[in-house]
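To keep things clear, I will list the structure first and then write my remarks on it.
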């Protein structure tokens, strides 16, 4: 197989996750798709860079993803608590 | 560049401009009537004095090198094409400048009396000075572009002065008609000028002053444009402009209507100076016209036709000023006939004598109108000989001059023209010229008879004009009577020092002269019986259709209205205004872009609805677009 | 050969899971699909001889993060999860944007066609990874711990209710 197929795999996953991110309405689901996007990037890193350095990089990325998921969820919870809803549609305070 | 540098020339121009500025800016409030008139006349007098000084200096130069130049500043300078605002004083411009400043000074003095009490007194003198400024620019210019500036400027001043009493809509529209008809001619003039410049520039000779043009003009002979020789085409286009400015067929229609302006304006602009600009242009560009004999033929034929045509119309007019207007058109036709026959100095000679006697006739008519408190219909005048003797005498002088009575100015110039026309144009054209001379004598005599002689017809009582009006007329009278005799040889020799004049008289010249004189005298003689009331009424009734046709000026104005003005108006209204302006520009472009903007704004504002997922979407779309653009 | 097939298999599984996740109404079920995708990714890592990474993937992602998500989903009241679906236009636009991004990325990486990679099962390269992690990337590694602490502090600060003082 060529590097093209590997990168294609990661891109397809990324695109699917992006599609899901943009079409769902629920905030938590958006965060889930976000994690999947990050995951797809991780795959690209590992698949295309065959060395140990890329794997180390991927590990670090993993940690960052975890941290970000935690903070993101905390944010969403707080936001949802003030707006009493989880749907992105109903949160319109930014509208000028 | 030959010609001595002569810095005095610019002051000939600047004095009238200063008069215009003073009267125009400080006019009624600060100067009042007396000072305003005084400044106006003084400015022209200063100009006349300078012109005389320059003229005497010119005479001191040897005959072949009579040229004085003055450069004001560099006007246009782009790449290879450069035009200076330069003035040129050679015999031709000397003659023109002296006529312009001299006659207009007399008319300024006359106007101080004529326009007294008018509400726009200062404005009048400002315009008149401005006119003289532009006319002098025209005659003193050293290149055709500066000449064109003067050309346009006198058209503008003509409009301002014809429509001087602008509150009367008829008079205002007469001014508009003059300007627009001029403009149509100017379009032809501009195209001819541009063609000349383009063709010369393509040969790498972009210099536009008249000396260079004279040198380079023969290069144009072999070129043909659209199948016509280049010189012929250029000359015809320039002549078309001249028909507009000098009221020849087909663009003469504005001159009779221009009589709506004050009479001194008619005297100055439409007798002595502006309308002669076309003749001057032909004389100035004579080298170009000599390369295009076909164009000269056209000029001669048009001039002949116009002279005849206008004289016929003038035979039956009622308004005193209209008769003189048609007479002017006719005499201009004579000048163009002479130019067409190649006798350019003869046409300038007639220009000079015509300036004298026509201005005199117009001023006399103005005096009559002033005395009759505004009446212009000749059928209501009569018997004014007793009440206005001085005016009668002076007008009689002008009458004799224009009729071509031997010894007076008109005789010499008209006779010279007819002789040249017979040599170059053949007997047919000459015959029409003689016939026109007879008609000229007839209608001028008719004018004199109806106005001054016979019994009093009208109810009004007339008074003689003040000295400020009669004195200038007297000066012009002297010039009209004696000018021809004094000037004839000197002027022609002055204008064309190389050519031989006068000495060689063709053997049949004497015969021709006698025939034309006889025609003039016959015209005078025929006028007396034919204008008796009973005879006139009888003639009118028997030839009523012809009379109506001629009286209505052969319906030329109506024809133009039908063929040109009406379609133009309806196109302007329906197509250009309705479709293009209101529909396209207003509707689609202006309003349409406004509507489009507000529509786009409405649509785009939906993006900013505060929703986070929409923002994320926009973000993703932005990334996609950027990637697309980069990749 | 097997490796190649398993790579493709795991990838297909992950893709399918993601796809189905989009059409799931119930968020908890969607979380389960996500779990599947993550586990498939771990399998992918295994096939690519990144064993440490695979293990960490399972522990961190599938273990910690998924748990977090599920707990969070459980903790939110049902009333908050009313479902007006996003408008049709939005959905289409979103899909279109994703498709465009995919196309562009593929187009860019087209030149990689020539680079041949034949995955072989190699020994666990954990030692190499460790050397990199604590050697070359030591600074970043330490920084990571800072990131984690920051996120913890942030989460706690956000989640804590304001006590009326």
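Gap in Å between the Cα centre of segment B:84-109 and the Cα centre of segment B:151-220? Cα centres, segment B:151-220 to segment B:84-109: 19 Å. Counting other Cβ atoms within 10 Å as a rough exposure proxy, the listed residues C:1, C:21 run C:1, C:21 from fewest neighbours to most. Tell me the angle of helix B:427-452 to the major Cα principal axis of chain B, expressed in degrees between 0 and 90 and rounded to the nearest ten. It is inclined by approximately 80 degrees. For segment B:509-571, the convex hull drawn through the C-alpha positions has a volume of 134 cubic angstrom per residue. Antiparallel as a % of all DSSP beta bridges within chain B, to the nearest 5? If we restrict to bridges inside chain B, about 85 percent are antiparallel.
Please give the average number of partner chain Cβ atoms lying within 10 Å of the Cβ of each residue in C:105-117, rounded to a whole number.
6
Cβ crowding within 10 Å, taken as a proxy for footprinting-reagent exposure, orders B:162, B:223 from fewest neighbours to most as B:223, B:162. Among A:75, A:27, A:36, the residue with the largest mean-square fluctuation in a Gaussian network model of chain A, with springs joining Cα atoms closer than 10 Å, is A:75.
Arranged from fewest to most other beta-carbon atoms within 10 Å of their beta carbon, C:2, B:12, B:621 become C:2, B:621, B:12. Under the shape rule built on the C-alpha gyration tensor, where the axes satisfy a ≥ b ≥ c, segment A:1-76 is oblate, since a/c reaches at least 1.5 while a/b does not exceed b/c.
Principal-axis analysis of the Cα atoms of chain B puts helix B:533-542 at an angle of about 50° to the longest axis. Averaged over the residues of peptide C:54-67, the number of Cβ atoms from other protein chains lying within 10 Å of each residue's Cβ is 3.
When the Cα gyration tensor is reduced to axis lengths a ≥ b ≥ c, the ratio a/c is 1.5 or higher for segment B:87-161, and with a/b not above b/c it is classed as oblate.
Applying 1/(1 + (r/R0)^6) with R0 = 25 Å to the Cβ-Cβ distance of residue B:118 and residue B:457 gives a FRET efficiency near 0.35.
The calculated 222 nm mean residue ellipticity attributable to helices in chain B amounts to -23000 deg cm²/dmol, summing -39500 (n - 2.57) over DSSP H runs of n ≥ 4 and dividing by all residues. Each of residue B:518 and residue B:59 was given a label point 7 Å from its Cα along the Cα-to-Cβ line. The distance between the two points is 4.0 nm.
Both numbers refer to the Cα atoms of segment C:1-48; Rg and Dmax are 11.6, 39 Å.
Is the shape of segment B:173-310 best called rounded, prolate or oblate, per the rule: a/c under 1.5 gives rounded, else a/b larger than b/c gives prolate, else oblate, with a ≥ b ≥ c the square roots of the Cα gyration tensor eigenvalues? Note, shape of segment B:173-310 comes out prolate. The angle between the Cα long axis of helix A:52-83 and the longest principal axis of the Cα atoms of chain A comes to about 10 degrees, rounded to the nearest 10.
In whole angstrom, how long is each semi-axis of the equivalent ellipsoid of the protein assembly as shown, when you take the square root of 5 times every eigenvalue of its Cα gyration tensor and sort them from largest down?
The equivalent ellipsoid of the protein assembly as shown has semi-axes of 102, 32, 26 Å.
None of the figures in this text is laboratory data; all of them are computed from the coordinates on show. Keep in mind that this is a model prediction, so the values were computed, not measured. Counting neighbours? That spans all protein chains shown, and the Cβs are built from the backbone with ideal geometry, glycine included.
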